[in-house]
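As structure tokens, the structure follows; a few thoughts come after it.
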Amino acid sequence: LTLVVVYAPDINDPQMLGGFLLQLALFPMPWVVGGDFNCMLDPIMDGLSSVSADLTKSARTILEGLEDFALVDVWRHGHPTSKQYSFHSQVNNMFSRIDFMLISSSLLHRVEACSYHPRSILDHSPLDLIMNFPKIQPPSRRWQLNPRLLIREESRAMIRNRIEEYMEVNTPDSAALDIIWEALKATLRGHIISYSVAHRKKAQAQVLELELDLWQAETEEYKNHSAETRERVAKIRHEFNMLTTSKAEYALLRIKSRYYARGDKAGKLLAWQLRKEEAERKIREISISDSTTSKDPEVINGTFASYYSTLYTSEKGSRDQMSSFLDGIEVPTLGEGIRLLLERPVTTIELLAISLRTSPSVVLSGPG
């Protein structure tokens, strides 16, 4: 599985996108490509403005890439007639959907949900893609103390009180100091985990409430375009930013980045051609019955195997069935006159006539 993050320039640059697709062809499939593409793939369905917009060259390049590589716009695939916007241009007063999640069509059966969230920290709406990979187990992680707990006065007071309670019960005379110290760490870990879970649930409830308020405010802004709705959206977004800042800072502290360098490889053109041919032959969906379809590759392969196995399996017919079939057929017969004519002996004149018709003609030149 290849994960790709895209941030396209805010200018119409089809050459950059074309080069990106060529580089993408060198990496193993399937792909999950997401990010800000800065163009609308469908100006009618993906834009809301008083001025009509045309399909840009960058958008045409992306659409050609979707066809060549069998990529699917996941959100549009699940919402073919819905309109939703991921970006609002304050300068042009235009709403647009320019943030996409493109995946290989072979992963469609893994998708459980794909949805946009309200714009909070950034000016773009986050796009959430949930996929089901049952064979992949999440890695086990060791517990680590969140250093930000030591910054908040509330959490420091909780830890201080728990230590005082522990030391009142476990005096140095009751056990060895190393045992008291190890037991204190285990006890504090339990209290900190309990405190962190309660704090996280409270913060998540506040975030969900603000997201709902922000979603309703943005929907109202789409309809009214008034200063009051814009002010309400800005106020809710500010509250949301203040609430999620600590979470973002903690994520930055724990982030781990890995960089991979990939030089030019022989066979780049061949890789491109193979990707394109594979995309053209890809079967994304199959009808199982009159009203049921499936995108699961195993179901698609099994349906084809069952069909051709049935098609090329010879039927074992019985002698009675063959006799019944032949008895129902009227076989034409020759008349008595034609039969006698065919059975009479061949004459010498007939043989000479046939010989003259079939022998090659020879031209003999005369004297002189």
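The values are calculated or read from the model by the stated rules, or taken from the named source; none is laboratory data. As the structure is a prediction and not an experimental result, all values here were calculated from the model. Every residue, glycine as well, gets a Cβ built from its backbone with ideal geometry; the counts of neighbours run over all protein chains shown.
Entry remark, the range 171-189: residues being over 50 Å from the mean Cα position of the chain (by Cα), part of a helix (DSSP H, G or I) and farther than 16 Å from L145 by Cβ number 4 in total. Tallying residues that are surrounded by 13 or more Cβ atoms within 10 Å (Cβ to Cβ) and hydrophobic (A, V, I, L, M, F, W, C) within the range 181-198 yields 4. Selection over the range 22-44 of residues that are in a loop (DSSP other than H, G, I, E, B), free of Cβ contacts under 8 Å to residues at least 60 places away in the same chain and within 15 Å of L66 (Cβ to Cβ) gives a count of 4.
Residues considered: Y307, Y260, Y312. Of these, the only one that is under 30 Å from V4 (Cβ atoms) and either surrounded by 10 or more Cβ atoms within 10 Å (Cβ to Cβ) or at pLDDT below 85 (or both) is Y260.
Look at the range 265-292: where a residue is in a strand (DSSP E or B) and a partner is modelled with pLDDT of 75 or more and not small (G, A, S), sitting 6+ places away or on another chain with Cβ atoms under 7 Å, you get I286/T293; I286/I300; I286/T303; S287/T293.
Of the residues in the range 114-128, none is surrounded by fewer than 19 Cβ atoms within 10 Å (Cβ to Cβ), under 17 Å from the mean Cα position of the chain (by Cα) and more than 21 Å from V207 (Cα to Cα). Name the single residue, out of those in the range 217-247 being surrounded by fewer than 17 Cβ atoms within 10 Å (Cβ to Cβ) and among the acidic types (D, E), that is nearest to R97 (Cα to Cα). Among them, the one singled out is E220.
Take the conditions (1) among the hydrophobic types (A, V, I, L, M, F, W, C); (2) under 29 Å from the mean Cα position of the chain (by Cα); (3) not in a helix (DSSP H, G or I); L145 misses just one of them, which is (2).
V74 meets all of the listed conditions (1) surrounded by 14 or more Cβ atoms within 10 Å (Cβ to Cβ); (2) of a type in the set (A, V, I, L, M, F, W, C); (3) out of contact with any Cys (no Cβ under 6 Å at 6 or more places or on another chain) but one, namely (3).
In this structure, F133 qualifies as exposed (fewer than 13 other Cβ atoms within 10 Å of the Cβ), within 18 Å of the chain's Cα centre (by Cα), aromatic (F, W, Y) and not in a helix (DSSP H, G or I).
Considering L214, L188, L177, L184, the condition of being under 30 Å from Q90 (Cα atoms) and modelled with pLDDT of 80 or more is satisfied by L214 alone. Out of curiosity, is E168 outside the structural domain of S89 (by TED's automatic domain parsing), part of a helix (DSSP H, G or I), acidic (D, E) and surrounded by 10 or more Cβ atoms within 10 Å (Cβ to Cβ)? The answer is no for E168. Considering each residue of the range 203-216 in turn, none proves to be outside any helix (DSSP H, G or I) and surrounded by fewer than 14 Cβ atoms within 10 Å (Cβ to Cβ).
In the range 112-164, how many are modelled with pLDDT of 85 or more and among the β-branched types (V, I, T)? Qualifying residue count for the region: 3.
Residues in the range 95-112 that are farther than 13 Å from L127 by Cα and out of contact with any Gly (no Cβ under 6 Å at 6 or more places or on another chain): F95, I103, S104, S105, S106, L107, L108, H109, R110, V111, E112.
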